[in-house]
Amino acid sequence: MDADLGMADLPERRGPDLHDVLAGRAAAVEAVDESGPVDLLPCGRTLAGARASDPRALRAALSAVEAEYGRVVVDCPAGLGRDSGAALAAADACLLVTTAERAAVADALRTRELARALDAGLVGVVVDFAEETGPLRGRFGAPATALPESEAVRRATRHGLPVGEVAPESVVAERLEEVAALVQRSTRSV
């Protein structure tokens, strides 16, 4: 589920989207697109759609999708805005994604505090475009995994496929498998 109401970044698909769901124009399950390699509830990309959306309806939408599909991964917006808070309040667990740049780390630390305040447990941190987590290890109070820049990621993105499908033996695919296992272990009892 792409829950970034103002700047969606997951692929757009035809049909109703999260803006429609949060504006009461569509049911959450009806808006899930099953045509790609991953079932996706996309978010619209218009200012009018963002304005019409009520982030307070996100928890109900998430619950409906979870009841139909099982576990749901929500791509949340960065920052501490209303839509970030709504997504974190509806979440059982949180996986932060950041880069090692000072400003990005500061934002991620603030998001961690919001996640804690909203009882969305932090299961880990992914440091994008990094060879190692280095000085970030331990700063978040959760395991950190570095994802290096990779041609495999660029190829997977171009083709709209998971990295593990495009380059299953790559370092990035292996590390993403580790992150997935961490999330599964951390949320098993949820």
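So if R0 is 41 Å, what FRET efficiency would residue 171 and residue 30 give, r being the distance between their Cβ atoms, rounded to the nearest 0.05?
Values: r = 39 Å, r/R0 = 0.95.
Working from the Cβ atoms, E equals 0.60.
Which of the helices in the chain, when you take each full DSSP H run, stretch at least 30 Å along the axis at their Cα atoms and have an average Kyte-Doolittle score of -1.0 or higher? Don't skip to the answer; put the middle values down first.
Details: long enough: none.
What comes out of the filter, once short or polar helices are dropped, is none.
What order do 165, 174 take when sorted by accessible area (1.4 Å probe), most exposed first?
On the way: 165 115, 174 95 Å².
The most accessible residue leads, giving 165, 174.
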Whole-number Å³ per residue for the convex hull built on Cα positions in segment 1-120: 103 Å³
query: Would you list 7, 1 from the most to the least accessible area, probe 1.4 Å?
result: 7, 1
message: How large is the accessible surface of residue 25 in square angstrom, using a 1.4 angstrom probe and rounding to the nearest 10?
response: 140 Å²
message: Between residue 132 and residue 13, what's the calculated FRET efficiency when r is the beta-carbon distance and R0 is 45 Å? Round to 0.05.
response: 0.80
query: How far is it, in nm, from the label point at residue 80 to the one at residue 93 when both lie 7 Å from their Cα along the line to the Cβ?
result: 2.6 nm
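Counting only protein heavy atoms, what percent of the accessible surface of segment 39-190 is carbon or sulfur at a 1.4 Å probe? Provide the component values of the computation, followed by the final result.
On the way: 4490 of 8750 Å².
C and S atoms contribute 51 percent here.
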message: Amide H of residue 167 versus every other amide H placed in the peptide plane: which residues, excluding those fewer than 5 positions away on the same chain, fall under 5 Å?
response: none
field: Estimated distance in nm for a label pair at residue 54 and residue 110, the labels positioned 7 Å out from Cα along Cα-to-Cβ
entry: 2.8 nm
query: Rounded to the nearest 0.05, what FRET efficiency is calculated for residue 185 and residue 102 with R0 set to 30 Å and r the Cβ-Cβ distance?
result: 0.45
task: Classify segment 5-53 as rounded, prolate or oblate from the Cα gyration tensor: take a ≥ b ≥ c as the square roots of its eigenvalues, call it rounded if a/c is under 1.5, otherwise prolate when a/b beats b/c and oblate if not.
output: oblate
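The values are calculated or read from the model by the stated rules, or taken from the named source; none is laboratory data. Note that the structure is a prediction, hence the values are computed from the model and not measured. Cβ sites come from the backbone with ideal geometry, for glycine too, and all protein chains shown count toward neighbours. Surface accessibility is based on the protein's heavy atoms, side chains included, excluding ligands, DNA and RNA. Shrake-Rupley method; radii C 1.70, N 1.55, O 1.52, S 1.80 Å.
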